[in-house]
């Protein structure tokens, strides 16, 4: 039996962060459902992780990745996301809606500041590998 090959997925990765809107529906009295399908994410998702119970004003992140792309979503509460590329261009995003994610390309330094009770979901393009992380900002900025 001859099978058709799997479809080739074409993703729209970019060299700068940008917002992604997810579809959803619901009403206040019953709650809401939001959906992120593979076609909504600009890479094949290999890893998913989340942060909970982060005290207010704690700064997390403080690194860049050699090869991992990510989409960050605030499922609950508010997270302020700061992103910087190697050239020094900076972006700031306020994540406070579960129907919106921010795409972070490779080689972009990022930090997040949480409000109390914020819950963050991260979709990542690669499995965890410590050598993928750049944790020294000066090393990140080197040409």
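The values are calculated or read from the model by the stated rules, or taken from the named source; none is laboratory data. Since the model is a prediction, treat every value here as computed from it, not as a measurement. With ideal geometry, Cβ positions are generated from the backbone for all residues, glycine too; neighbour counts draw on all protein chains shown.
Within segment 93-109, being part of a strand (DSSP E or B) and either over 11 Å from the mean Cα position of the chain (by Cα) or closer than 20 Å to residue 32 by Cβ (or both) holds for 93, 94, 95, 100, 101, 102, 108, 109. Just one of the numbered conditions (1) touching a residue at least 24 places away in the same chain (Cβ under 8 Å); (2) closer than 29 Å to residue 143 by Cβ; (3) surrounded by fewer than 16 Cβ atoms within 10 Å (Cβ to Cβ) is not true of residue 70: (3). Do we find that residue 76 is without any contact (Cβ under 8 Å) to a residue 12 or more places away in the chain and more than 14 Å from the chain's Cα centre (by Cα) in this structure? Against the criterion (without any contact (Cβ under 8 Å) to a residue 12 or more places away in the chain and more than 14 Å from the chain's Cα centre (by Cα)), residue 76 does not qualify.
In segment 65-91, what residues are within 25 Å of residue 22 (Cβ to Cβ) and in contact with a helix residue (DSSP H, G or I) (Cβ under 8 Å, 6 or more places away or on another chain)? 65, 67, 68 - these are the residues of segment 65-91 that are within 25 Å of residue 22 (Cβ to Cβ) and in contact with a helix residue (DSSP H, G or I) (Cβ under 8 Å, 6 or more places away or on another chain). Among the residues of segment 110-122, none qualifies, meaning not one is touching a strand residue (DSSP E or B) at 6+ places or on another chain (Cβ under 6 Å), over 22 Å from residue 55 (Cα atoms) and not in a loop (DSSP other than H, G, I, E, B). When we screen 64, 87, 56 for residues that are within 30 Å of residue 139 (Cα to Cα) and buried (at least 17 other Cβ atoms within 10 Å of the Cβ), the only hit is 64. The number of residues in segment 110-143 being modelled with pLDDT under 95, under 14 Å from residue 60 (Cα atoms) and surrounded by fewer than 15 Cβ atoms within 10 Å (Cβ to Cβ) comes to 1.
Tell me yes or no: at least one residue of segment 21-41 is over 20 Å from residue 112 (Cα atoms), in contact with a helix residue (DSSP H, G or I) (Cβ under 8 Å, 6 or more places away or on another chain) and modelled with pLDDT under 90. Taking every residue of segment 21-41 in turn, none turns out to be over 20 Å from residue 112 (Cα atoms), in contact with a helix residue (DSSP H, G or I) (Cβ under 8 Å, 6 or more places away or on another chain) and modelled with pLDDT under 90. Scanning segment 10-45 for residues that are in a loop (DSSP other than H, G, I, E, B) and surrounded by fewer than 13 Cβ atoms within 10 Å (Cβ to Cβ) returns 10, 12, 13, 14, 15, 16, 28, 29, 30, 37, 44. Would you call residue 49 assigned to a strand (DSSP E or B), at pLDDT below 95 and surrounded by 11 or more Cβ atoms within 10 Å (Cβ to Cβ)? Here the answer is no, as residue 49 does not meet what is asked.
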